[in-house]
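What follows draws every value from the coordinates through simple rules; no lab data is involved. If you're wondering where the values come from, they're calculated on a predicted model, not measured in any experiment.
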C-alpha cells in the first residue's frame, strides 16, 4: 500500500466509527489497530517458526524469550494461535480472541501495547457492534502495513488529521505528541530493540 491508499483506508475506518467515537478519540481505535496490523504483517513470515520453537522448548526451558526472539527475527514475537485472519474466522468471540492475540506478544511488546489502553476501546467497539467490522477492515489481506514507507503507515496525513480535536490542539495526547508522530514511530520501527 502506498501512503495515499493508507490515508484513504484510515479515513474509511474513521467514517465507520464516527457515531461511536468523537473525532478526537478516533486515535483510540486507529493507532492501536494500525500498530497491531503492522506487527501482524511483519511477523507473518516467521509465525510458524515461532510457534514451533515455543512447542519444542515449552516446559524444557525457564526462559523462552531469547529463542522466540531469534525465531521471529525481531526483538519481539507473538505466540498466540491468532492472527488477523484467524480473528475474523470466529466472529462471535472476536473481543476475547483479540485480547488473547494481544496477550500472545512478548512482554516488551505487550508493555508498548498496554500504553494505548486498548482494552477499554475493545469493549466500547464490541458493545457498539463495531469490533468485528473494524478488525475485518484492518485484517483485509490488501492492508499490508509490513511494507509501509519511511513516512509511516499512518503518517501525519491520516491519523494526525483524524485524531485532531476539531476545536483546538491535542492537549490530551501523551506528552503533547500528535497521533501521527506516535504512529509513525511505532509503525515504522519494528526492528528496534524494545
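Worth pointing out:
- Equivalent-ellipsoid semi-axes for region 56-116 (Cα gyration tensor, √(5λ), whole Å, largest first): 23, 14, 10.
- Surface/4 estimate of mean projected area, convex hull on alpha-carbon atoms of region 37-142, nm²: 6.8 nm²
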